Structure formats: C-alpha cells, structure tokens
Amino acid sequence: MDIVVMKFGGTSVRDQATRFQAFKHIRREVSAGYKVVVVVSAMGRSGEPYATDTLKELVTYHVSKRENDRLLSCGEIISSIVMSDFLQQQGLNVTSLAPDEVGIKTDNNYSNANIITIETSKIVSLFNEYDVLVAPGFLGTTLEGHITTLGRGGSDTSAVALGGALKASYVDIYSDVEGVMTADPKLVKNARVLEKISYDNLIALAARGAKVIHLKAVELAKKNHVNLRLRSTTADHIGTYVVDEEVNTLSLTYKSGYTRYEILGLNCPINCELLIKQGAYWYAQVHDEEAVEHYLKENELEYIKSENYVRVSWMNQQRTPVELTFYVDALKLEDTLNFLHYNLI
C-alpha cells in the first residue's frame, strides 16, 4: 500500500474556495493510486470563529491544562469533519478520524505533549474501506485516553510523525507559499522558491523564524528520514524538496518581538545571557524584558529602551555556514528585507 500524507494549514481550509484548492491536490494523489491521510489545522486564523487562537481567548486559564487542551482540540476536530464532508461532496471515498483513531500517543505534558508512539493499525484497517482519511492535526491522546495538544506548529508535527510511522512515500506540507523562499514573499517582491533544501538548512531557517514549517516537525522528519515536500495550496508548483544531502542555500528570515537597549555610561562587562550586542546597542526578546531590566537596575546601569524591533538573519548555508544578523525597527522591515535581498541574494 502506497501512502501519502498531506497537511493543510488553517488558511488552506478556512472556506469553500480554499478547501476546493486542497481537494484538487488530494484528488491528484488518489488518481495516482495513493491512499491519502489528510492532516488539517483549525480553520482560519485568530479572530475567525474556529481558529485555535480564537478558542484560547474564550477562557481565562483558570481551567486546568487538561481542560484547556480539550477546548483547543475542538478547532481541529471541527475542521477534520468539515473537510471530510466537503471531500465527500466532491466524490471522494473519505471519512474523518477521531483523535484516538489517529493513533498518536503522548505523555501527559498538556499543551506541549511529547509523542511516545504511533499506533497505525486503525488507519491501515480503514484504508481497506476508504481512499482518504482526514485527521485532526495538533492532537494526541494519552495512554489513559485524554486529549493532548502538541504545541505550536503541532499539525506539522502530526503529519511528519504519521508519515514516518506509516512509511509514507512522502509527506507534503501545504501552505499559502510555494515552498521555502529566499525571503518572505509577502514582504519581498522578488523572492523565489528554492528547488531543494537540506534538513539541516531547513532546521536552521525554522529556528530563525522561517514560517513555512515548524522546527519540531523538521527535526522529527530528519530523525525518521521522512520524504518531505513543502508546497502551495493555491499553485501547481512542485514546491521545495527537503533532502538528506548538502545543498547551498541563500535566504533571509526574520523574527519579531525584540526590545533595543541603549546602555549609558557602561564601564563594566555585561554578564546577562539574555542580552545580545549588535553594534552600539543591546537586544533582548520581549518575553525576557523583566529579567533583563532587573539585571540592569541591580547593576545600577542606566538605559534607554526602544520597543518593536525585528531580528533579520541572512543565511548562507554552505559547507561552512555564514550568518549575518541585523536588528531593525519593525516599521522599516519591508524596506530592509528588499534592500538585503537585492544586494545579497
């Protein structure tokens, strides 16, 4: 039995039009003779009714993490059933899976659960009756049967884990871009698709903010030698192949959420690991602000703080990788990325 795993993110299943684009890709694989596991995220993004971030805002976190995971699971469960219904309307032989039928077994680390094992027997048996199975991504179940979530980017992790366990011919991660790009195409007009990229290069890009796939999923794909492709829901482009070989890669990534500190009258070394020096200034991630400012005040250092900065990384992933890092005002990000892309790539 030849199996393909296809993961579609929230923007790829948010409405009838995007679901139809996804259907065309699924139909192509079924016509080629594959059995298909479709892994879906919750529909849409924050603010849309069933998106994960929207569900998060319904509670104030007085509930337990176990209850919260059960709440968040609703988005993916709804999405899987809606997608199954839509694919049936298009004439495919399909059914949706409940979280326990997907077979991803995890520990009890609610909200960021770790996968213990994958039980594939239910999926394999259902393929005797169906061509397509729609699985809710992002979710697992404990050995006691409680629903868990796999953390940010968990649908990517679900797809890669299932692909490895099922020995899938390949795992396709679909999003609203055509693959791994030389830069974010929403900000850089001349960004282009990379034909292929190595696992290690993709891990480096994901760690530095590239949003095409989650870091944890790439690491799992490398560990299990998963044949991975990164593709676009709205285009027929083959996308980017992730390969286990050395590939030269030039790309720009960025990560938001930094604060800039100008430290005045500095006459002693800075021994705060949370502070990164770049040029005349120091930078820290926003979530580390409290600890950084405690350190500065404890050492009686005066400072001027400026918020809303972005870390931009230029990656030259050859045999000896080179990385140049810039911190820029978020309001100047687009101009900076276009300038760097034109001059460096």
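The values are calculated or read from the model by the stated rules, or taken from the named source; none is laboratory data. Everything numeric in this text was worked out from a predicted model, so none of it was measured. Cβ: placed from backbone, ideal geometry, glycine included. Neighbour counts: every protein chain shown. In case anyone asks, the SASA skips ligands and DNA or RNA and just uses the protein heavy atoms, side chains included. Shrake-Rupley method; radii C 1.70, N 1.55, O 1.52, S 1.80 Å.
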Rounded to the nearest 10 Å², the accessible area of residue 130 at probe 1.4 Å:
50 Å²
Accessible surface, per residue, of segment 241-283 when the full set of protein chains is kept, probe 1.4 Å, Å²
57 Å²
Charge context of residue 42, other residues only, Cβ under 12 angstrom, K/R +1, D/E -1
0
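Would you mind calculating the gained length between residue 45 and residue 32 on full extension (0.36 nm times residue separation, minus the Cα-Cα distance), in nm to one decimal? Don't jump to the answer; show the numbers that get you there.
Details: separation 13, 0.36 × 13 = 4.68 nm, distance 3.22 nm.
Length difference between fully extended and current span is 1.5 nm.
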Calculated from backbone phi, Karplus (6.51, -1.76, 1.60) coupling profile of segment 73-81 in Hz, x at Gly/Pro
5, 4, x, 6, 5, 4, 4, 5, 6
Whole-Å semi-axes of segment 181-279's equivalent ellipsoid (Cα gyration tensor)
34, 17, 11
For segment 245-345, build the convex hull from the C-alpha positions and give me its volume per residue in Å³.
125 Å³
Under a 1.4 Å probe, what is the accessible area of segment 144-186 per residue, stated in Å²?
31 Å²
When only the heavy atoms of the protein chains count and the probe is 1.4 Å, how do 186, 167 rank by accessible area, highest first?
167, 186
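Taking 8 Å as the Cα distance limit and 6 or more residues as the minimum spacing, I'd like the relative contact order of segment 286-345 as a percentage.
23 percent
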Based on the Cβ-Cβ distance from residue 267 to residue 93, what FRET efficiency comes out when R0 is 45 Å, to the nearest 0.05?
0.05
Round to the nearest 10 and give me the degree value, 0 to 90, for the angle of helix 289-298's Cα axis relative to the longest principal axis of the chain.
20 degrees
Length gained, residue 119-residue 308, 0.36 nm per residue minus C-alpha separation, equals 63.6 nm
Roughly how many percent of the accessible protein surface of segment 200-345 is carbon and sulfur, given a 1.4 Å probe and a whole-percent answer?
49 percent
Antiparallel DSSP beta bridges within the chain, as percent of all bridges there, nearest 5:
55 percent
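Can you send over the carbon and sulfur percentage of the accessible area for segment 135-184, probe radius 1.4 Å, protein chains only?
Numbers: 670 of 1300 Å².
Here carbon and sulfur together make up 52 percent of the probe-accessible area.
Please give the per residue volume of the convex hull enclosing the alpha carbon atoms of the chain, rounded to a whole number of Å³.
For the chain, the hull spanned by Cα atoms encloses 154 Å³ per residue.
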Assuming R0 = 22 Å, what is the FRET efficiency of residue 108 and residue 53, from their Cβ-Cβ distance, to the nearest 0.05?
0.40
Computed from every Cα-Cα pair in segment 277-318, P(r) in 10 Å bins starting at 0 and rounded to whole percents is 21, 50, 19, 9, 1
If you count only protein heavy atoms and use a 1.4 Å probe, how large is the accessible surface of residue 66, to the nearest 10 Å²?
100 Å²
